[in-house]
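A short worksheet on the structure shown next.
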Amino acid sequence: MIQVRALTQHAEFSAAVRLQQEIWGFEEIELLPVRLFVVATKIGGQVFGAYEGDLLVGFCLAIPGLKPAGVYYLHSHMLGVRPEFRNAGVGRMLKLKQREEALGRGIALIEWTFDPLEIKNAYFNMERLGAIVRRYVLNQYGTTSSHLHGGLPTDRCTAEWWLNSPRVGAILEHGKHEPEPVEVTISVPANIAHLRENEPKLAREIQLRISEGFSAAFARNLAVIGFNRTEVAGTYLLGKWQSS
């Protein structure tokens, strides 16, 4: 049985650092160090681990942030799950623990970034958690050593998880939300991982097309309000978002 709890000990943080390397294949210089996990627990952040027995099978780390208007939120900087546990609901368990703890402190928003080419993550963020997207950042982390990034620029969408919104409540309680009018769609081919590895030039062309589509839609004050996934493609659904 998998259990989620706060990580507090240096040995637990060290296990999370090792798990990063296993999941992403980062070179040592790109790993989040133990000291960052320590700091996160001291300044109002979150560090949670998912365990099966004594084995750490997933973890997440969040740090506190402050909006220009003076609103506090949490930035969920990293969440990782062992490959053999990725279809066991571990990621969702970790996110729900983040939400529970944040709401207990009166925090209404958790944000994180994700690769818009990762269809499974996009579906999870939009349709399983109820996040929305209104920002797209070009090459946020530069080119990394991770094999998962395929040498492409690290373009990122910023997920906004409004913890008490009707959208989030409906999805967490009923598994779905009321559909909203869609004005723009942006699709990613389902074989994008294969293209990254075997046809990087084509993968880069797709990435550029997607970035242009998001930039144009966000300039119109649209937001990602849903995501459809088929065997052929994953499709972002963009329209007006109402917070209430």
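The values are calculated or read from the model by the stated rules, or taken from the named source; none is laboratory data. What you see is a predicted model; the values in this text were computed from it and never measured. We place every Cβ from the backbone using ideal geometry, glycine too, and count neighbours over all the protein chains shown.
List of remarks:
- Some residue of region 144-161 being at pLDDT 95 or above, crowded, with 19+ Cβ neighbours inside 10 Å, under 20 Å from G91 (Cα atoms) and among the aromatic types (F, W, Y): yes
- Filtered residue count, region 234-244, keeping only those that are small (G, A, S) and either touching a helix residue (DSSP H, G or I) at 6+ places or on another chain (Cβ under 6 Å) or buried (at least 16 other Cβ atoms within 10 Å of the Cβ) (or both): 2
- E199 of a type outside the set (G, A, S), out of contact with any Pro (no Cβ under 7 Å at 6 or more places or on another chain) and surrounded by 16 or more Cβ atoms within 10 Å (Cβ to Cβ): no
- In a residue-by-residue description of region 123-135, the property of being over 16 Å from Y236 (Cα atoms), modelled with pLDDT of 95 or more and not small (G, A, S) applies to no position.
- Residue check, L117 farther than 28 Å from T41 by Cα and either among the small types (G, A, S) or under 13 Å from the mean Cα position of the chain (by Cα) (or both): yes
- Where helices (runs of 4 or more DSSP H) fall wholly inside region 132-244, the ranges with 1 or more residues that are more than 30 Å from L103 (Cα to Cα) are 192-198, 200-219.
The rows are residues; the columns are (1) without any contact (Cβ under 8 Å) to a residue 24 or more places away in the chain; (2) among the small types (G, A, S); (3) surrounded by 14 or more Cβ atoms within 10 Å (Cβ to Cβ).
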{"position": "S165", "(1), (2), (3)": "no, yes, yes"}
{"position": "A170", "(1), (2), (3)": "no, yes, yes"}
{"position": "E173", "(1), (2), (3)": "yes, no, no"}
{"position": "V182", "(1), (2), (3)": "no, no, yes"}
{"position": "L195", "(1), (2), (3)": "yes, no, yes"}
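- Selection of first residues in region 15-34 that are over 17 Å from A50 (Cβ atoms) and of second residues that are among the aromatic types (F, W, Y) and at pLDDT 90 or above, restricted to Cβ pairs under 8 Å at least 6 apart or on distinct chains, gives the following pairs, ordered by first then second residue: V34/F13.
- Residue satisfying all of: in region 1-14; buried (at least 18 other Cβ atoms within 10 Å of the Cβ) and hydrophobic (A, V, I, L, M, F, W, C); nearest to R99 (Cα to Cα) among these: V4
- In the set (1) more than 20 Å from R135 (Cα to Cα); (2) surrounded by fewer than 18 Cβ atoms within 10 Å (Cβ to Cβ); (3) among the charged types (D, E, K, R), the condition left unmet by R220 is number (1).
- Qualifying residue in region 101-110 (condition: within 26 Å of L55 (Cα to Cα) and not hydrophobic (A, V, I, L, M, F, W, C)): yes
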